[in-house]
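What follows is one structure encoded as structure tokens, with my remarks underneath.
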Amino acid sequence: MFDRSVPFVGFHTLVATREGIDSLIRLIEEALAPRGFNTIIAEMRFQFRCFPEYSSGTIAFEDAARLADACEKHGIRLVPLLPCLGHQSDSPWGTPLPLLKLHPEFVENPVAPDATWPEIYHHSWCASNDDVYKYIFPMMDEIAEATRCTAFHVGLDEVFDIAMCPRCKGKDPAALFARTVKILHDHLAEKGLEMMMWGDRLLNSKAMGYQMWEADRFGMYPALHMEDQVTRDIMICDWHYDLHSAGYPSVETFIQEGFYVLPSVFHVADNAEHFWTAALEAQYLTKRYGWPGRLGGILFTNWTPLNDEYVDNLLKAMKGEEAGEELDAMVGKVIRRLEPRVKKFKV
Ligand SMILES: [Zn+2]
């Protein structure tokens, strides 16, 4: 069972290679565990046993198990992440991931291979073609088994391509999104796993003043109210990396809806601090008005695959040493800036 009674202090990262797993273990041992981090969300590019042809990286079952051992030793929960529905390209406006490349019938919006922004962002899989789960479920199960996790993060962020293919055209994007949430949730529940997802597709971009990456412009957001499918036991990672001077209405919206919410920050310390300050206001309102959900803690994110050099700089920045201005240093500075405040957080 995923213990929600302790403040969530999490670090999310991409890891693409088996060497990257060692870099992450070093980061955990040298910095994250001593600083009281209790959750790692690892978005691993896996070398699958079940479907080697759909592998997206070099991380083997044994590497993930090694990471699980290191986490267990330090009392850290390891939550694996497999991007579902959206983010099915190897990079923005890149080529589709191997599963979609080898199964073009799953591609929601086929575009020319050289298509670039603004013709395409990330590919999505077709939300009406449930054959995709014949491949996705074994992949999820393999990752879950390797990591011995109690919760699984299914991504679901930044879906742009939906209700576009001949199978989906004319269908309600919110209904397509909600059914995808339920399919994934039911599979995890069957395995005794709780579900985490990014919250952006459940937010009305125009109403909340968010851009179309951190909130939805494509008709999916009404899924927020499809409670029988988007069930309130799902843990929501509500990410905002830009500064929103008028606040972050999504945090209280999710709490009012009954969710356990994790504000998720990235690389700009001022923005991260601003967001966390607003999240604490939402926590005050939650207690004052008895809203059903709650603020669970904070998630720091890192979107560059780890290697030793990157971790070296991140560690330096976390210690307050000169580390430059690259992303590694920025992520480290965010943790350093927020650390004293996060330590005071109580659920
Ligand atoms: Zn479709």
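No value in this document is a laboratory result; all are computed from the given coordinates. Nothing here was measured: the structure is a model prediction, and the numbers come from that model. All Cβ positions, glycine included, derive from the backbone under ideal geometry; neighbour counts span all protein chains shown.
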Going from the fewest other Cβ atoms within 10 Å to the most, one would list H74, H225, H103, H185 as H225, H74, H103, H185
Note on the stretch 1-127, DSSP bridge orientation, antiparallel percent to nearest 5 equals 15
Computed Rg/Rh for the chain (Cα atoms; Rh = Kirkwood radius) stands at 0.94
Scoring only Lys, Arg, Asp and Glu (+1, +1, -1, -1) among other residues with Cβ under 13 Å from the Cβ of E326 yields -3
For K101, counting only lysines whose alpha-carbon sits under 22 Å away and dropping same-chain residues fewer than eight positions off, the answer is K134, K169
The farthest towards the positive end of the charge dipole of the stretch 58-215, of the residues H74, M195, P92, given +1 on Cβ of Lys and Arg and -1 on Cβ of Asp and Glu, is M195
Straight-line reach check, K346, cutoff 19 Å on alpha carbons, 8 or more apart in-chain or any other chain, hits among aspartates and glutamates -> D3, D238, E252, E273, E281
Restricting to Cα pairs under 8 Å and 6 or more apart, the percent relative contact order of the chain works out to 17
Set K287/K319; K73/K316; K73/K319; K206/K343, cut-off 32 Å on Cα-Cα distance; pairs above it are K287/K319; K206/K343
Expressed in angstrom and rounded, the centroid-to-centroid distance over alpha carbons for the stretch 302-330 and the stretch 127-175 is 32
Listing R294, R35 by rising number of other beta-carbon atoms within 10 angstrom, fewest first, gives R35, R294
Checking rank on 116-129, 150-163, with mean other Cβ inside 10 Å and highest first, the result is 150-163, 116-129
Here the stretch 1-73 gives, from Cα atoms, an Rg and Dmax in Å of 13.2, 41
Cα-based Rg and Dmax for the stretch 165-282, in Å, come out at 14.8, 45
Computed over the stretch 59-162, the convex hull of the Cα set has an average projected area, in nm², of 7.1
Karplus ³J(HN,Hα) for the stretch 82-89 (6.51 cos²θ - 1.76 cosθ + 1.60, θ = phi - 60°; Hz, whole; x = Gly/Pro) runs 10, x, 10, 6, x, 6, 9, 10
For F152, the residues 5 or more places away or on another chain with a placed amide H closer than 5 Å to its own amide H are E194, M195, M196
Distance in Å, no decimals, from the C-alpha centre of the stretch 58-116 to the one of the stretch 4-19 is 16
From fewest to most C-beta neighbours within 10 Å, the residues F177, F300 line up as F300, F177
Net charge (Lys, Arg +1; Asp, Glu -1) of residues whose beta-carbon lies under 13 Å from that of H185, H185 excluded, is -2
